[in-house]
Amino acid sequence: MPQSYLSIEQAKEAGREGTVVDLRGWVYRTRGSNKLVFLVLRDSTGIIQCVGSKDDLGEEVFKRSKELFIESSVTLSGTVHKDERAPGGFELHLNRIEAVKAAEPFPITKDQSEEFLREKRHLWLRSRKMNAILKVRSTVTGAIHEFFRGRGYYEFTPPIFTPNACEGGSTLFEVKYYDDVIYLTQSWQLYAEAAIFSLERIYDVSPTFRAEKSKTSRHLSEFWMAEMEAAWMGYREAAKVAMDEVRFITERVLERNRADLELLEADPSRLERALSKEWPMITYTEALGLLRDRGGLEVEWGKDLRTIEEEKLMEHFDTPVVIIQYPKEVMAFYKPVEPDAEAPGPVARCFDMLAPEGYGEIVGGSERDTDMDSIKKALEKQGEKVENYDWYLDLRRYGSVPHSGYGLGVERLISWLCKLDNIKDAIPFPRTMTRTFP
RNA sequence: GCCGCAGUAGCUCAGUUGGCUAGAGCGUACGACUGUUAAUCGUAAGGCCAUCGGUUCGAAUCCGUUCUGCGGCGCCA
């Protein structure tokens, strides 16, 4: 066995031509005739075509190499050649090939359906498509840490089991907890609000669970949210941080994953175009005006923007757009009223960020209410028991300060960056209302 | 919660107004082929037509039940 193996990416580096290299990986494709075998090798870095002739390999090895099924693990060695006939421009002329473990016939063939690929997701992860998405995903989560740490934020990890509802109880997953019942978190917010009195500026990237009965290509029951919470910060400033964050992540993906985006047919230039422009921040009331004047869509003031309205609105933009000051009535209890707004009714100090190309809401955030009485009233109105939130009210009793925060939907962002048809491809093992397997 | 679509070979799909022994491609097995691009050519194996019930001389096909999956709306990230 050779001492050191190269990756396929390394084997294609300049200056390697004519040298003998050792590679290892998995069989991606095989083709052949009675004198030649073409075997495309795959590893985490890419693919390369390997050519073996009966003369070079010997009758026995040649025959066995032709019998290797797709996804067999192999080690091999050969000479690097530049060859226009090979996919990718390089190929390896084999002088040795050994199966580490011969595979059984691989169930995924060229005829595929979304449903079948999800059923075989544990194997489909090996596909070039999933490989590219997972690489982008790694860049995205890494960039989130880099962004916040570079700005003096602390990572703060919230509990996943929670006794409280926070955004209305209907969408919580109940979990048996010893002899009791508890819920899976659907937001870190209440705990983040406790932590800012210690750390002032915090962020996290963690799983979130929502039992919404949403059967769409934009919803998951388990997804990852990148959240931030900051003391002494207003909602407009938080919205600017969100825009900076999404910009930063997009830059990093363009730097590190250009080839992955191209493989996914997610034209990088559309992201470059978005980065080259200012991203608009408009009010809800202005958005309604836009819909009426440019879209011919009349929306009654006070109604939340639905999917159709959001899509219609985003037809006019090729960058993400932040919408601020939604009507107070449609917002959760913790969002305070903006007194200075020019609007037909009370509006909240809150914002959403919509992605272009129909990818919908990627960020939702707000300033948090610091007024004890209005929090209590809002909780009662939602049917919550105020005494369950007494610990949360303590945060208002002891040195309350203005503060804001937001949550970024990691899979929604990845969907936009990678131009995915379905959010279920943005996470390795999607969990939806009907899928918990594999 | 509401609305729509689909279940036929391991996979992707045909299957006419109800009519003979249910078809193709891919994959698999065997064979042929010196440069293939998820090669090509030949042969073969492979089916409780999702389920239960009904109509009929006769049902993959028509009607109803149940189950499973997919998508849209609402809600959200």
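Structural remarks
- For region A:198-217, a residue qualifies if it is free of Cβ contacts under 8 Å to residues at least 40 places away in the same chain and near RNA strand B (Cβ under 6 Å from one of its atoms), and the qualifying residues are A:Arg210, A:Thr216.
- Filter result for A:Glu286 (part of a helix (DSSP H, G or I), open to solvent by less than 20 Å² (accessible area, probe 1.4 Å) and out of contact with any His (no Cβ under 8 Å at 6 or more places or on another chain)): no
- For region A:1-46, the set of residues classified as under 14 Å from A:Arg126 (Cβ atoms) and within 10 Å of RNA strand B (Cβ to nearest atom) consists of A:Tyr28, A:Arg29, A:Val40, listed by residue number.
- Which listed residue, of A:Ser73, A:Ser138, is touching a strand residue (DSSP E or B) at 6+ places or on another chain (Cβ under 7 Å) and more than 9 Å from RNA strand B (Cβ to nearest atom): A:Ser73
- Summed over region A:241-268, residues that are within 15 Å of A:His145 (Cα to Cα) and either in a loop (DSSP other than H, G, I, E, B) or of a type outside the set (Lys, Arg) (or both) total 10.
- Scanning region A:218-238 for residues that are more than 8 Å from RNA strand B (Cβ to nearest atom) and open to solvent by 50 Å² or more (accessible area, probe 1.4 Å) yields A:Glu222, A:Trp224, A:Trp232, A:Arg236, A:Glu237.
- Applying the condition of being touching a helix residue (DSSP H, G or I) at 6+ places or on another chain (Cβ under 7 Å) and basic (Lys, Arg) to region A:228-272 and asking which residue is nearest to A:Lys135 (Cα to Cα) yields A:Arg256.
The values are calculated or read from the model by the stated rules, or taken from the named source; none is laboratory data. From a predicted model like this one, the values you see are computed outputs, not experimental measurements. Neighbour counts are summed over all protein chains in view; Cβ atoms, including those assigned to glycine, are modelled from backbone coordinates with ideal geometry. Protein only, heavy atoms only, side chains kept; ligands, DNA and RNA dropped before computing areas. Shrake-Rupley method; radii C 1.70, N 1.55, O 1.52, S 1.80 Å.
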